[in-house]
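The values are calculated or read from the model by the stated rules, or taken from the named source; none is laboratory data. Since the structure is predicted, the reported quantities are computational estimates derived from the model, not experimental observations. Methodologically, a virtual Cβ is constructed for each residue, glycine included, from the backbone with ideal geometry; neighbour enumeration extends over all protein chains shown. In case anyone asks, the SASA skips ligands and DNA or RNA and just uses the protein heavy atoms, side chains included. Shrake-Rupley method; radii C 1.70, N 1.55, O 1.52, S 1.80 Å.
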Amino acid sequence: MLSISLAKKIIDEVHKLFDEELIMIGIDGIIMASTDAERIGTYHEGAAISIKEKRRVVITKEDEQHLQGVKAGINVPVFFLNNVIGVIGITGEPERVLPYVELLRKMTELLVQESYYSEQMQWQSRMLEAFVFDWLQARDWSPAFVERAKILNIDLHAKRQLILVQVTEQQDFFFKDIWQLKHVWNDPADQDVLIHWGNDRLLIIRYVHQKREGETIAQKVKQFKAFIEEKWQTPVAVGIGQVVESNELTKGYEQAERALSVALKQNSIVFEENLRLDICLEEISLPTRKEFTKRILQTVLTDEELLETFYTFFEQNMSLKLTASLLHIHINTLHYRIKKLEDLTGLNLKQFSDVVSLYLALRFLDYKPKNSDKKA
């Protein structure tokens with residue numbers, strides 16, 4: 001329970017509050033950490049007595065003469081689950097440091113407990129991540145797999161909905177405070193699975209039950225997304241698959257991935273069941289997209305004004321009035337830009353096929369104006 005790194009952490013934390021020499025001793029009587037580096041690795045006979053008799057030991061100046069490795073002060077055993085796991089000592093005149101002893105012990109035991117439960121949570125989280133990986137890969141459920149599900153309190157008979165959450169801008173990002181995120185997600189039934197899925201992703205396997213039909217998943221995800229964005233100050237995209245049986249988890253995951261790929265373009269929330277044209281567009285290869293975009297927009301790729309104009313034009317469902325209003329330009333200016341685009345590209349925006357070509361080219365270009373967030 002008491003590693004050298006944890007002992008050092010405890011000494012560092014406690015020393016912030018006590019301007020005294022402090023030591024942490026293991027159950028073998030060897031000093032593991034100290035504010036005096038020279039004492040580390042030496043034997044402390046007073047601590048050995050404290051461990052053996054499970055009591056506080058006061059060290060006087062006289063004791064320094066006949067007990068090995070001690071200084072005047074007080075040594076107190078540190079308990080965890082009713083067992084002595086080490087001793088913490090504070091050096092100084094016993095009468096002067098005595099008032100701090102119990103506070104010192106309590107603080108140390110709290111730090112040990114915090115470390116223990118943190119490790120337990122990390123261990124459980126790793127078990128859960130490994131189980132979900134197998135859940136996605138398994139074609140058939142072996143008895144061992146079913147037993148693991150029982151241990152982790154996972155209902156394999158319930159329907160599920162997979163949700164992928166991804167940070168879109170920060171590099172080398174890692175979701176911390178996974179337990180706080182579980183609390184924010186707020187699953188009263190304690191059946192939703194929420195785990196790390198790579199550095200910048202969270203995977204939520206939502207438990208779907210008739211009793212939860214009144215729950216608005218769109219609102220729940222929106223609030224969860226807003227919390228993450230506020231806490232870490234970074235945009236987040238969310239892809240949500242359709243409800244599937246527990247033995248069809250791979251299908252649900254693929255749907256969530258498909259929805260996320262669309263959501264990433266706008267830092268939005270996308271339900272896979274709402275995808276229509278996007279399903280087809282995602283299947284078109286990148287080389288084909290690049291070649292198509294080049295053929296349509298080659299002559300205007302560097303014209304930010306025109307690209308922004310027609311991005312907005314399609315965002316406003318091709319309404320000339322709304323487009324001009326949003327761009328803060330006169331309607332005649334918009335007509336001028338339409339004519340300019342037609343002259344440069346050879347498109348005719350009165351022809352439906354040319355309108356579709358322009359729309360697809362902008363989609364493939366994945367263009368987003370610099371000030372689009374302000375417009376939204």
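Return yes or no: is LYS321 over 35 Å from the mean Cα position of the chain (by Cα), loosely packed, with under 12 Cβ neighbours inside 10 Å and more than 29 Å from GLU257 (Cα to Cα)? For LYS321, the condition - over 35 Å from the mean Cα position of the chain (by Cα), loosely packed, with under 12 Cβ neighbours inside 10 Å and more than 29 Å from GLU257 (Cα to Cα) - is met. All conditions in (1) in a strand (DSSP E or B); (2) in contact with an Asp or Glu (Cβ under 8 Å, 6 or more places away or on another chain) hold for LEU203, with the sole exception of (2). Of the residues making up segment 15-51, just one is hydroxyl-bearing (Ser, Thr, Tyr), open to solvent by 50 Å² or more (accessible area, probe 1.4 Å) and under 21 Å from LEU111 (Cα atoms), namely THR35.
Counting residues in segment 52-64 that are open to solvent by less than 80 Å² (accessible area, probe 1.4 Å) and either of a type in the set (Lys, Arg) or assigned to a helix (DSSP H, G or I) (or both) gives one or more. Number of residues in segment 273-297 that are crowded, with 18+ Cβ neighbours inside 10 Å and hydrophobic (A, V, I, L, M, F, W, C): the value is 3. Only residues that are surrounded by fewer than 19 Cβ atoms within 10 Å (Cβ to Cβ) and within 14 Å of ILE163 (Cα to Cα) were counted in segment 247-257, giving 4. Check segment 198-214 and report whether any residue there is within 29 Å of GLU315 (Cα to Cα), open to solvent by less than 20 Å² (accessible area, probe 1.4 Å) and touching a residue at least 40 places away in the same chain (Cβ under 8 Å). No, segment 198-214 contains no residue that is within 29 Å of GLU315 (Cα to Cα), open to solvent by less than 20 Å² (accessible area, probe 1.4 Å) and touching a residue at least 40 places away in the same chain (Cβ under 8 Å). Close contacts from segment 61-79, counting a first residue that is touching a residue at least 60 places away in the same chain (Cβ under 8 Å) and a second that is of a type in the set (S, T, N, Q) and in a helix (DSSP H, G or I), with Cβ to Cβ under 8 Å and a gap of 6+ residues or different chains, come to VAL78/THR108. Of the residues making up segment 65-79, those that are in a strand (DSSP E or B) and surrounded by 18 or more Cβ atoms within 10 Å (Cβ to Cβ) are GLY73, ILE74, ASN75, VAL76, PRO77, VAL78. The helices (runs of 4 or more DSSP H) falling completely within segment 80-162 that include 3 or more residues that are open to solvent by less than 80 Å² (accessible area, probe 1.4 Å), within 30 Å of GLU53 (Cα to Cα) and not aliphatic (A, V, I, L, M) map to 101-137. Residue pairs whose Cβ atoms lie under 6 Å apart, separated by 6 or more positions or on different chains, with the first residue in segment 176-194 and among the basic types (Lys, Arg) and the second crowded, with 16+ Cβ neighbours inside 10 Å, are LYS182/LEU194.
Close contacts from segment 351-363, counting a first residue that is open to solvent by 60 Å² or more (accessible area, probe 1.4 Å) and a second that is part of a helix (DSSP H, G or I) and aromatic (Phe, Trp, Tyr), with Cβ to Cβ under 7 Å and a gap of 6+ residues or different chains, come to TYR359/PHE314. Suppose we keep only residues that are more than 11 Å from GLU305 (Cβ to Cβ) and within 47 Å of the chain's Cα centre (by Cα) within segment 324-341. Which one would you say is most open to solvent (accessible area, probe 1.4 Å)? My answer is HIS328. Scanning segment 182-197 for residues that are surrounded by 16 or more Cβ atoms within 10 Å (Cβ to Cβ) and in a loop (DSSP other than H, G, I, E, B) yields ASP187, GLN191, ASP192, TRP197.
Apart from one condition, LEU347 fits all of (1) free of Cβ contacts under 8 Å to residues at least 40 places away in the same chain; (2) not in a helix (DSSP H, G or I); the exception is (1). One residue alone among VAL270, VAL300 is open to solvent by less than 70 Å² (accessible area, probe 1.4 Å) and free of Cβ contacts under 8 Å to residues at least 40 places away in the same chain, and that residue is VAL270.
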